[in-house]
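Values quoted throughout were computed directly from the atomic coordinates according to the rules given, and no laboratory measurement underlies them. Being a predicted model, the structure only gives us computed values, none of them experimental. Note that each Cβ is placed from the backbone with ideal geometry, even for glycine, and that neighbours are counted across all protein chains shown.
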Amino acid sequence: MQSDKRIFDDLSKFLNGVAGTVAGMGREAEAGFRERTREWVAGMDLVSREEFDAVKQMAATARAEAEELKARVAALEAASGKAKVAPKAAAKPAPKPKAAPKK
């Protein structure tokens, strides 16, 4: 009976060792996968969320400023009595066709 108990103890120690080894391998594989993924994403030249949000805010500010300036220009034009006139394109004569080469 004593030998049966020892076999079970040895088997238990062995299985605990295997479980620890497998868990360690899993952690190592996960760390390797994360590192490879970071390298792959870094190679794609993506922007971070902070950079994206900063540029988004800059674009919104620029749009608001452009609208404000457009309103100011319209007010100044109205005050000066000038109507908004599009510049006329200069009329260019059509190019003359070239003579066909002689054979």
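Among Met58, Met44, sorting on how many other beta-carbon atoms sit within 10 Å of each Cβ, with the fewest leading, yields Met44, Met58. Length gained on full extension, Ala62 to Phe33, computed as 0.36 nm times the residue gap minus the Cα-Cα distance: 6.3 nm.
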